[in-house]
Amino acid sequence: MTLGNKNLITNYSSAKYSWLKSGGTIKHLYKVYKKNDLSNLFSRSEIKSKPLLVIGNLSNTLINDEGFKGTAIKLLGDFANVQIKSDHMLVGAAVLDNYLSKFCFQNNISGYEFLFTIPGSIGGNIFMNAGCYNQEIKDKLISVIYFDINDNKIYEKNISELNFDYRRGFQKSNTIILYGKFKITLGDKISIKNLMKEYENIRNRTQPQKVNCCGSIFKNPVNQSAWKLIKTSIDKSFYNGPIKLSKIHSNFFENEPNISAKSIELFISKIQKRVSDKHKITLEKELRIIA
Ligand SMILES: Cc1cc2nc3c(=O)[nH]c(=O)nc-3n(C[C@H](O)[C@H](O)[C@H](O)COP(=O)(O)OP(=O)(O)OC[C@H]3O[C@@H](n4cnc5c(N)ncnc54)[C@H](O)[C@@H]3O)c2cc1C
């Protein structure tokens, strides 16, 4: 049995759906609703032998202008559910951060307020070890359940076996993150709501809103803030043009829709060069650029 054509989208426009509103086309995107879809799909050698790309909510991804011609996966269906078990939550990789945060509020579960303001999916969070306000997804995780395309099997790894670090989560090649098992700590509903509001207010105050962007462009180097390094290295020209630094937060850029991926990459390289010339520090990209 093979995955039918209804599960395949050809020439999927990443520019239409990504937070950057830019980026190339994904030639073959397979929508995967349940575990069996995966085993069926990756039993086909022509699918398995190509480079793999899993997309989440495309809030941290730029596909280059040539597009992606391998096997791309979008999880939906069973992977978009949250289930409360006796001592943990089983959260599908396709669940959006904002949804999980609200779900936790409704069920008096504290600790997930920070996710209210991150525009990604749980799969993307686990891949990136996303975080803000001194919290990271790894602090909440018990284990990661993933599919390995090489042997067509599902595995579970405890967080203690994984080397999560600042903005580097579960990045094992040829794997698809399916679920996270998350801790449950009960809390007070009003305090949970207040914290969600507080985080939202901080974000509205300190970051640009309603613009095409990818969040932070660069990771913060150890004991340094990327925004300060950038601000002290560039001139006014970086705040003008179809792609420009945000005046509210200089580790954010804002771009016009459908600007080429190449021009975004060039802009990023120009910032890196300025910072390197001035501070002798190489900024590492947080944004994932897919070649
Ligand atoms: C306005 C704005 C604010 C942001 N603020 C923050 C912030 O405060 N903190 C923070 O950490 N990030 C922030 N980000 C960045 C982004 O939201 C996070 O990195 C998020 O975790 C990405 O999730 P996503 O689902 O959009 O992933 P995508 O962009 O779709 O993918 C990111 C990477 O994860 C991989 N991936 C996604 N799903 C899976 C899966 N199921 N299995 C295997 N690999 C997968 C992709 O292949 C890709 O390499 C922000 C972005 C924006 C636009």
Please identify the pairs in which a residue from the stretch 124-145 that is in contact (Cβ under 8 Å) with a residue 40 or more places away in the chain and on the phi > 0 side of the Ramachandran plot has its Cβ atom under 8 Å from the Cβ atom of a residue that is surrounded by fewer than 21 Cβ atoms within 10 Å (Cβ to Cβ) and in a strand (DSSP E or B), counting only partners at least 6 apart or on another chain. Asn129/Glu136; Asn129/Asp165; Asn129/Arg168
Name the strands (runs of 3 or more DSSP E) wholly inside the stretch 173-291 in which the number of residues that are within 14 Å of the ligand (Cβ to nearest atom) is 1 or more. 175-182, 253-255, 288-290
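Would you check if there is a residue in the stretch 100-109 being within 11 Å of the ligand (Cβ to nearest atom), surrounded by 14 or more Cβ atoms within 10 Å (Cβ to Cβ), over 24 Å from Pro221 (Cα atoms) and not charged (D, E, K, R)?
No: zero hits.
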Just the residues that are charged (D, E, K, R) and over 27 Å from Val32 (Cβ atoms), please, taken from the stretch 154-182. Asp165
Do we find that Asn81 is away from the ligand (no atom under 13 Å from the Cβ), closer than 29 Å to Ser18 by Cα, touching a strand residue (DSSP E or B) at 6+ places or on another chain (Cβ under 8 Å) and modelled with pLDDT of 95 or more in this structure? yes
List pairs: first in the stretch 8-31 and over 19 Å from Leu52 (Cβ atoms) and at pLDDT 95 or above, second of a type in the set (Lys, Arg) and surrounded by fewer than 20 Cβ atoms within 10 Å (Cβ to Cβ), Cβ under 7 Å, 6+ apart or cross-chain? Ala15/Lys21
Can you tell me which residue in the stretch 114-167 is nearest to Met89 (Cα to Cα), limited to those that are acidic (Asp, Glu) and loosely packed, with under 14 Cβ neighbours inside 10 Å? Glu156
Set Lys210, Lys244: member being on the phi > 0 side of the Ramachandran plot and surrounded by fewer than 19 Cβ atoms within 10 Å (Cβ to Cβ): Lys210
Inside the stretch 168-194, can you point out the residues that are closer than 11 Å to Cys104 by Cβ, surrounded by 14 or more Cβ atoms within 10 Å (Cβ to Cβ) and in contact with a Ser or Thr (Cβ under 7 Å, 6 or more places away or on another chain)? Gly187, Ile192
What tally of residues in the stretch 143-162 results from selecting those that are assigned to a helix (DSSP H, G or I) and among the hydrophobic types (A, V, I, L, M, F, W, C)? 1
hydroxyl-bearing (Ser, Thr, Tyr) and more than 9 Å from the ligand (Cβ to nearest atom): which single residue out of Ser160, Ser121 fits that description? Ser160
Residues in the stretch 130-157 that are among the acidic types (Asp, Glu), within 13 Å of the ligand (Cβ to nearest atom) and farther than 26 Å from Glu113 by Cα: how many? 1
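The values are calculated or read from the model by the stated rules, or taken from the named source; none is laboratory data. Every value quoted in this text rests on a predicted model; they were computed, and no experiment measured them. A quick note on method: Cβ atoms are made from the backbone with ideal geometry, for glycine too, and the neighbour counts reach across all protein chains shown.
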